[in-house]
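Below: one structure, written as structure tokens.
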Amino acid sequence: MRPIQQNPINRQGIAYTAHPYPQKAKPKVKSKQNFFTLWDEVWGFAAKDYPIIATELGWVKADGKGAHIPVINDGSYGPHIIEFMQNRNISWVAWVFDPDWSPTMISDWDFTPTQQGAFFKKEMLKHQ
């Protein structure tokens, strides 16, 4: 049982946060449904009762700049995590708009998007 299930904060105006990087959830068989099930068990369940914002999420390919655990992924994480959060009304902030911190949204100060940067830009533009 998670701490939020045992002892939630009893205050008005509280929101919970998550940092659901791709390697934090490791189902035995990698599939969208298995990730959804695991994310629900670990943190998504709280969205039924509390506001949640994922304040860090993103990925970088294994051979990409700044690749490290827990952010390494082939790109399949992006569509899965967005669909998961949309289905549960969870807000999110992609990480990070800086070419030196990983997982980067941009590869340089000319704002050239990385793979995840292009993906999240497309997602954000859907909500203009």
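The values are calculated or read from the model by the stated rules, or taken from the named source; none is laboratory data. All values derive from a computational prediction rather than experimental measurement. Cβ coordinates were reconstructed from backbone atoms using ideal geometry, including for glycine residues, and neighbour counts include every protein chain displayed.
Working only within the stretch 111-128, note down all residues that are at pLDDT 95 or above and assigned to a loop (DSSP other than H, G, I, E, B).
Selection gives F111, T112, T114.
Could you list all residues from the stretch 1-30 that are over 22 Å from V93 (Cβ atoms) and β-branched (V, I, T)?
Within the stretch 1-30, V29 is the sole residue that qualifies.
Report every pair of residues separated by at least 6 positions or lying on different chains whose Cβ atoms are under 6 Å apart, first residue within the stretch 93-115 and without any contact (Cβ under 8 Å) to a residue 40 or more places away in the chain and farther than 18 Å from G78 by Cα, second among the charged types (D, E, K, R) and in a loop (DSSP other than H, G, I, E, B).
Matching pairs, first to second residue: P99/D108.
Looking only at the stretch 1-12, how many residues end up being within 19 Å of A54 (Cβ to Cβ) and not charged (D, E, K, R)? Can you show your working first?
Just the residues of the stretch 1-12 that are within 19 Å of A54 (Cβ to Cβ), to begin with: 2-5, 8-9.
So of that shortlist, the ones also not charged (D, E, K, R) come out as 3-5, 8-9.
Here the count works out to 5.
If D108 satisfies all but one of (1) part of a loop (DSSP other than H, G, I, E, B); (2) within 23 Å of T37 (Cα to Cα); (3) of a type outside the set (A, V, I, L, M), what's the number of the condition it fails?
With respect to (1) part of a loop (DSSP other than H, G, I, E, B); (2) within 23 Å of T37 (Cα to Cα); (3) of a type outside the set (A, V, I, L, M), D108 is out only on (2).
If you take the residues of the stretch 96-121 that are surrounded by fewer than 12 Cβ atoms within 10 Å (Cβ to Cβ) and of a type in the set (D, E, K, R), which of them is nearest to the chain's Cα centre (by Cα)?
Per the stated criteria, the residue is D98.
Only one of (1) within 18 Å of I4 (Cβ to Cβ); (2) assigned to a helix (DSSP H, G or I); (3) among the β-branched types (V, I, T) is not met by I14, so which one is it?
(2)
Find all pairs meeting these conditions: Cβ atoms under 7 angstrom apart; at least six residues apart or on different chains; first residue within the stretch 52-66 and on the phi > 0 side of the Ramachandran plot; second residue of a type outside the set (F, W, Y).
G58/V71; G58/A94; G58/P103; G58/Q116; G66/V60; G66/S102; G66/P103; G66/T104
Filter the stretch 1-11 down to residues that are in a helix (DSSP H, G or I) and in contact (Cβ under 8 Å) with a residue 40 or more places away in the chain and give me whichever is nearest to the chain's Cα centre (by Cα).
I4
Condition first: in a helix (DSSP H, G or I), farther than 16 Å from E83 by Cα and without any contact (Cβ under 8 Å) to a residue 12 or more places away in the chain. Now tell me which residues in the stretch 21-42 satisfy that.
First, pick out the residues of the stretch 21-42 that are in a helix (DSSP H, G or I): 22-24, 32-42.
In the following step, the residues that additionally are farther than 16 Å from E83 by Cα were identified as 23-24, 41-42.
Scanning the stretch 21-42 gives a single hit, E41.
When you check S107 against the structure, is it hydroxyl-bearing (S, T, Y) and over 22 Å from W43 (Cα atoms), yes or no?
Values: hydroxyl-bearing (S, T, Y): yes; over 22 Å from W43 (Cα atoms): yes.
When the stated conditions are applied, S107 passes them.
I'd like to verify a number: residues in the stretch 71-95 that are farther than 16 Å from E123 by Cα and either under 11 Å from the mean Cα position of the chain (by Cα) or part of a helix (DSSP H, G or I) (or both), how many?
Of the residues in the stretch 71-95, the ones farther than 16 Å from E123 by Cα are 71-74, 88.
Then keep just the ones that are either under 11 Å from the mean Cα position of the chain (by Cα) or part of a helix (DSSP H, G or I) (or both); that gives 71.
Adding up the residues that qualify gives 1.
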